[in-house]
1. Could you say whether any residue in the range 44-53 is surrounded by 12 or more Cβ atoms within 10 Å (Cβ to Cβ) and either part of a loop (DSSP other than H, G, I, E, B) or at pLDDT below 75 (or both)?
2. Within the range 19-27, is there a residue that is without any contact (Cβ under 8 Å) to a residue 12 or more places away in the chain and more than 35 Å from the chain's Cα centre (by Cα)?
3. Can you work out which of the residues in the range 54-106 that are surrounded by 10 or more Cβ atoms within 10 Å (Cβ to Cβ) and basic (Lys, Arg) is farthest from Ala37 (Cα to Cα)?
4. Please identify the pairs in which a residue from the range 53-67 that is more than 18 Å from Arg41 (Cβ to Cβ) has its Cβ atom under 8 Å from the Cβ atom of a residue that is surrounded by 10 or more Cβ atoms within 10 Å (Cβ to Cβ) and of a type in the set (Ser, Thr, Tyr), counting only partners at least 6 apart or on another chain.
5. With the structure loaded, tell me whether Arg90 is part of a helix (DSSP H, G or I), without any contact (Cβ under 8 Å) to a residue 60 or more places away in the chain and closer than 30 Å to Met1 by Cβ or whether it fails that test.
6. Can you tell me which of Asp113, Asp89 is at pLDDT 70 or above and acidic (Asp, Glu)?
Amino acid sequence: MARCSECRKTFTPAASARLTQRVCSASCRNVRDRRQARVRRGQDLEGAREDERERQRASRARRRESVGHAGASPPKVPLSHGQIAAIVDRALAPSRASLVLQMGVFVRRSGLDLGNAWRLSRGSLGP
């Protein structure tokens, strides 16, 4: 039996590492590795800083060279330009009132919030 250097629990070391195993689990291994790395960096502070600067340079160079994600796609239009043109052509032929009604349908489909601008009565349409 051995005692874990991190959590202090007793454990049975693996047969192949009976003399050298210091921790009981992978999580304790991660804690020990991070602690040892901190100690190593503290002993050679300038070297650790230079290593970090070099790591950052390489990372920035890789990011500059990478293509990255595609740009944003254009917003979805609920009606195509052709459909809008057809609505206008169809509405202009009979009357202005029909145009207002057709544009009201378009505004409701598109989800635009234009307040009461499209809730006109026929009397408010004018000549």
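1. First, pick out the residues of the range 44-53 that are surrounded by 12 or more Cβ atoms within 10 Å (Cβ to Cβ): 48, 51.
Now drop any that are not either part of a loop (DSSP other than H, G, I, E, B) or at pLDDT below 75 (or both), which leaves none.
No: zero hits.
2. Yes, because at least one residue in the range 19-27 is without any contact (Cβ under 8 Å) to a residue 12 or more places away in the chain and more than 35 Å from the chain's Cα centre (by Cα).
3. Filtering first and then ranking leaves Arg96.
4. Every condition considered, no pair remains.
5. Details: part of a helix (DSSP H, G or I): yes; without any contact (Cβ under 8 Å) to a residue 60 or more places away in the chain: yes; closer than 30 Å to Met1 by Cβ: no.
When the stated conditions are applied, Arg90 does not pass them.
6. On the way: Asp113 fails: at pLDDT 70 or above.
Asp89 is the lone residue from the list that is at pLDDT 70 or above and acidic (Asp, Glu).
The values are calculated or read from the model by the stated rules, or taken from the named source; none is laboratory data. Since we're looking at a predicted model, the values are computed, not measured. Quick reminder, even Gly has a Cβ in these numbers, built from the backbone with ideal geometry, and neighbours come from all protein chains shown.
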